Amino acid sequence: MSDLSAFPITRKWPAKHPERLQLYSLPTPNGVKVSIMLEETGLPYEPHLVSFDTNDQLSEAFLSLAPNNKIPAILDPNGPDGNAQALFESGAILIYLADKTGQLLAKSGTQRYETLQWLMWQMGGVGPMFGQLGFFHKFAGSSYEDKRPRDRFVAESQRLLGVLDQHLQGREWIMGDDYSIADIAVFPWVRNLIGFYEAADLVGFEKFPQVKRVLERFVQRPAVVRGLNIPARG
Ligand SMILES: N[C@@H](CCC(=O)N[C@@H](CS)C(=O)NCC(=O)O)C(=O)O
């Protein structure tokens, strides 16, 4: 186990349990991917709230670990070869935690690559497109007179939901019978789209019954229920 005091982030967010994995996050769709994963795996961890109200994500301490100024980020005192491992980017963190625990991602073979394919599909498509839809539909961009950017992201979100809906036909989860990090990456974003962004009517969510079915199952998982509120907002 490595001494975490060498990491400047621990000065702003001191570790009460330095032997545990440290999570720096906020319950947003990207943040909860990691808290849900940690809850699913049972790995001991210590959550720290990175508050956007006080621009914590732009603080020197946070940037020393996550120079892209976005949550989530982790610091694991028990990383590879006995060294500490710092990581940002939720997709990379999910892969790391899956490999570390041997859970929710096959160790090799087709199943592994296909899970990673859907994870990348979320990271490159669902996250950015749904996020832009939120900006133009609910936040600052909603007052823009020109609706073409909003319509572009609505159309792309509908296309992505259609791809997912078709894939989920006859499957319990994205990888069939196996719940995986692909589900943990995708469904917090779908939940956010129709919940926080209030875009169900805009995207015609009723046209995607398979997505709705799996989302309903996802949000009932005890680890998901817990992870959606970690770290607790102050
Ligand atoms: N690709 C990144 C995106 C992370 C991201 O966009 N995080 C948002 C919250 S969901 C954030 O930290 N925003 C703060 C900011 O932009 O200042 C990941 O998946 O980790």
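Data table
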| item | result |
| --- | --- |
| Pairs where the first residue, in the stretch 26-38, is within 16 Å of Ser51 (Cα to Cα) and the second is at pLDDT below 95, C-beta under 8 Å, 6+ apart | Leu26/Arg233; Pro27/Arg233 |
| The stretch 132-142 - residue that is in a helix (DSSP H, G or I) and touching a residue at least 60 places away in the same chain (Cβ under 8 Å) and, of those, farthest from the ligand (Cβ to nearest atom) | His137 |
| Residue within the stretch 98-111 that is within 16 Å of the ligand (Cβ to nearest atom), open to solvent by less than 30 Å² (accessible area, probe 1.4 Å) and within 30 Å of Pro80 (Cα to Cα) present | yes |
| Members of the stretch 60-89 that are near the ligand (Cβ under 10 Å from one of its atoms) and part of a helix (DSSP H, G or I) | Phe62 |
| Some residue of the stretch 54-72 being crowded, with 19+ Cβ neighbours inside 10 Å, within 15 Å of the chain's Cα centre (by Cα) and not hydroxyl-bearing (Ser, Thr, Tyr) | yes |
| Test: residue in the stretch 189-196 that is at pLDDT below 95 and either more than 21 Å from Trp121 (Cβ to Cβ) or part of a helix (DSSP H, G or I) (or both) | no |
| Failed item, numbered, when Pro14 is tested on (1) in contact (Cβ under 8 Å) with a residue 40 or more places away in the chain; (2) away from the ligand (no atom under 15 Å from the Cβ) | (1) |
| Residues located in the stretch 185-211, provided they are open to solvent by 10 Å² or more (accessible area, probe 1.4 Å) and either touching a residue at least 60 places away in the same chain (Cβ under 8 Å) or among the hydroxyl-bearing types (Ser, Thr, Tyr) (or both) | Trp189, Arg191, Asn192, Phe196, Tyr197, Glu198, Leu202 |
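The values are calculated or read from the model by the stated rules, or taken from the named source; none is laboratory data. Not measured: the values here are computed from a predicted model. All Cβ positions, glycine included, derive from the backbone under ideal geometry; neighbour counts span all protein chains shown. Areas reflect the complete protein model, heavy atoms only, side chains present, ligands, DNA and RNA absent. Shrake-Rupley method; radii C 1.70, N 1.55, O 1.52, S 1.80 Å.
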